[in-house]
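One structure below.
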Amino acid sequence: MLHSGSHIARVRPASSVIGIVDVPSDKSIAHRAAIFSALAEGASRLVDYPTSDDPQSTLSCLKQLGVEVYEEDEILVIEGKGLHGLTSTDADLYCGNSGTTMRLLSGMLAGQSFSTTLSGDASLARRDMSRIRDPLNAMGASIELVENHSPIRIAGGRALKGLHYELPVASAQVKSAVLLAGLYAEGESSVTEFARSRDHTERMLGLDIVEFADRRVITIKGGMDIKARTWSIPRDFSAAAYFIVAALVLPDSALRIPRVGLNPTRAGLLDVLIAMGARIYIENERVVGGEAVGDLVVFSSELSGIELGGDSIPNLIDELPILAVAATCAEGKTVIRDAGELRHKESDRIHVLAEGLSSLGADIEELDDGMIINGGKLSGGMVDSRGDHRIAMSLAIAGLVADHQVSIRNADCTAVSFPGFWEALAELAYAETPES
Ligand code: S3P
C-alpha cells in the first residue's frame, strides 16, 4: 500500500484530553512473534496481534512462504514449519512500508534453500539495505541490491557460516537480521552492540547475553530449536507516546493508557519527559511474556527544555518526533543530538519535522544529527506528513495545542502503526478523520 495519498486530516485546537485510550499492540514485538512462530515446531498462539499495516505485511509474507495462519476465538494461530519448512514463492515478498519486515525477513531468508525477492513501497525503496547486505553476505549469503536499496534479491542454497559482528549503528533491525541468519549458520554467531538497541529478539528467543561496561554481546547457535508458545503482545509504547504528550501539554488533562509495553530499551521517552517535569505514573506494573507492562496515567504538566544525546537516543528513537512537539510547548531550549539515524527512517525525520513544525510557527533549527527547539507558541496551517506515520501523528498532536486549525496532508499513513488513530483522537479531543 502506497502512503502517498492526498488524504487531509484537520485538527482543531483542544482544551484538554480526558479519559482512557486503548492503543494498538506493539509492532516490534508482533513482527518477531510472527517470525519466530513460523520457524517453531508446532502451533503458536498470538494474543492481540495488531491489525496495523506493518505487522500485517510480515504475516502476508510468511503466508506466501507456506506458513498457515488463522484466527481462533480472536487469537491468531500460526502453524510453525520448523527452521527448514518454508516453501518458495515466485512472486516478490511485498513488505509495504515496513523496514522491520524487510530487514528481519532478509536475515531469515539468507539461509533458505530457495531464492526470494523482497520489495516495498516508495518510502521503503529509499531506505538503505546495505546495512543488512554486508553482514549477511559476510556469513556466506548472496544478497544483491540495486545501489544499496531494495528490491532485495536473495539467492538460495548458500551454506552460511557463523559471524561475530560488531554493529556499526545502534539498530535492532540489523542485529535481528544477523541473529536470524545465525539460526541457519554453522556454529555460533554473535552481535556486539555498543549502544543498547531494543532487545526484543534476544529476550523472546532467550539468547545468551554477556554485558560489559561498554558493550553487549548476544550469541545464537545455528540450528537452535524454537519452541511454539503463546505470545501476549502488549500495547505499543510508541503509539502511546502521542497521547502521553497530548495529555502533558494540554491544560486540565488526565489520561489513562492501559497495558503499555515498558521495556526499558523502548520507553526512554518516559525518563526524558519526567526529567522535563512530566507527571506520569505507572500503575499495575507486571511482566507479561518476559516484557514489562503497565498502565500509564498522565496529567498536564509544565515542561522545561532538556538536552539529550549519546546512548539515550536508541531507546527513544521512534519517539523523537513527538518529543520535538513536546519541546515546542516546553519552557526554554531543547537540544537533541546524536540522532542522525532519524534521517534514515520512513522519511528524513529531522528535515520533515523541522519543515512541518516551523511552518506552524515553532522555533526549530535543523542540525546534522538532531535539532534545537525553543519553546513557544504554535499557530496553525497546512503541513505534510510526507507519508510518514510518526510525523503525521506528531503533527496531529501539535494541532491540538496550536492556536488555530492544523491540516495534515497525507494523513492516512497512520494505518502503518495505528489504525484508528484519528478516531481515537476525535474521541478524546477534536479532530476530523481524513478525507480524500
Ligand atoms: C525496530 C527498530 C528500529 C525502529 C523501528 C523498529 C525494530 O529501527 O526505529 O521502528 O522493530 O527492530 P532501526 O533498527 O533501524 O534502528
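The values are calculated or read from the model by the stated rules, or taken from the named source; none is laboratory data. Keep in mind it's a predicted model, so treat the numbers as computed, not measured. Cβ coordinates were reconstructed from backbone atoms using ideal geometry, including for glycine residues, and neighbour counts include every protein chain displayed. Accessible surface is based on the protein model in full, side chains and every heavy atom, while ligands, DNA and RNA are left aside. Shrake-Rupley method; radii C 1.70, N 1.55, O 1.52, S 1.80 Å.
Highest first, please rank the peptides 56-64, 23-31 by the mean number of other Cβ atoms sitting within 10 Å of their residues.
On the way: 56-64: 21.4, 23-31: 26.2.
Most protected by this proxy first, the peptides run 23-31, 56-64.
Specify the residue with the greatest mean-square fluctuation among I152, I373, I282, computed from a Gaussian network of the chain linking alpha-carbon atoms under 10 Å apart.
I282
Identify all lysines with a Cα-Cα distance to K377 below 23 Å; exclude those on the same chain that are fewer than 8 residues away in sequence.
Within reach: K333.
What residues from the range 96-126 fall in the zone where the backbone N is under 16 Å from a label point 7 Å along the Cα-to-C-beta line of T87?
113-115
What number comes out for the charge environment of Y184, summing +1 per Lys or Arg and -1 per Asp or Glu over other residues with Cβ under 13 Å away?
Values: positive: R158, K161, K221; negative: E186, E188.
Residues near Y184 contribute +1 overall.
Skip the ligands, DNA and RNA, and give the accessible area per residue of the chain with a 1.4 Å probe, whole Å². Show your work: numbers first, answer last.
Numbers: 15790 Å² over 436 residues.
It amounts to 36 Å² per residue over the chain.
For the range 351-436, what's the relative contact order in percent, using C-alpha pairs closer than 8 Å and at least 6 residues apart? The partial results should precede the final answer.
Numbers: 130 pairs, mean separation 19.2, N = 86.
With pairs under 8 Å counted, the relative contact order is 22 percent.
Which whole-number percent is the relative contact order of the chain (Cα, under 8 Å, 6+ apart)? List each step's numbers first, then the result.
Working: 1105 pairs, mean separation 85.8, N = 436.
Value for the chain: 20 percent.
Once the other residues with Cβ under 13 Å from the Cβ of G340 are scored (Lys, Arg +1; Asp, Glu -1), what is the net sum? Mind showing how you got there, number by number?
Values: positive: R337, R343, K345, R349; negative: D128, D338, E341, D348, E366, D368, D369.
It works out to a net charge of -3.
So what is the 222 nm mean residue ellipticity for the chain from helices alone, if each DSSP H run of at least 4 adds -39500 (n - 2.57) and you divide by all residues, rounding to the nearest 500 deg cm²/dmol?
Numbers: 13 runs with 128 residues, N = 436.
Result for the chain: -8500 deg cm²/dmol, rounded to the nearest 500.
Can you compute the FRET efficiency between F194 and L367 using 1/(1 + (r/R0)^6), with r the Cβ-Cβ distance and R0 = 22 Å? Round to the nearest 0.05. Walk me through the numbers before you get to the answer.
Values: r = 22 Å, r/R0 = 1.00.
It comes to 0.50.
Using a Förster distance of 35 Å, how high is the FRET efficiency between H404 and V335, based on the Cβ-Cβ distance and rounded to 0.05?
Details: r = 28 Å, r/R0 = 0.80.
The value I calculate is 0.80.
Give the lysines reachable from K161 as a straight Cα distance under 22 Å; neighbours fewer than 8 places away on the same chain don't count.
Result set, ordered by chain and number: K175, K221.
Distance in nm between label sites at V47 and E144, each 7 Å beyond Cα in the beta-carbon direction?
So the two model labels end up 4.7 nm from each other.
Once you put a point 7 Å from the Cα of T265 and another 7 Å from the Cα of H351, both along the Cβ direction, what distance in nm separates them?
3.0 nm
Sort 397-404, 300-307 by packing, meaning the average of other beta carbons within 10 Å per residue, with the highest value first.
Descending mean neighbour count gives 397-404, 300-307.
With the Cα gyration tensor of the chain in hand, give its eigenvalues times 5 under a square root as the equivalent ellipsoid semi-axes, listed largest first in whole angstrom. Intermediate values should be presented prior to the final figure.
Values: eigenvalues 259, 94, 91 Å².
In descending order the semi-axes read 36, 22, 21 Å.
Tally Lys/Arg at +1 and Asp/Glu at -1 over every other residue whose Cβ is under 14 Å from the Cβ of Y70; what's the total? The partial results should precede the final answer.
Numbers: positive: R45, K63; negative: E68, E71, E72, D73, E74, E79.
Taking every Cβ under 14 Å from that of Y70, the sum is -4.
Averaged over all directions, how much area does the convex hull of the C-alpha atoms of the range 27-231 cover when projected, in nm²? Please list the in-between numbers first.
Values: hull surface 40.5 nm².
Mean projected area of the Cα convex hull: 10.1 nm².
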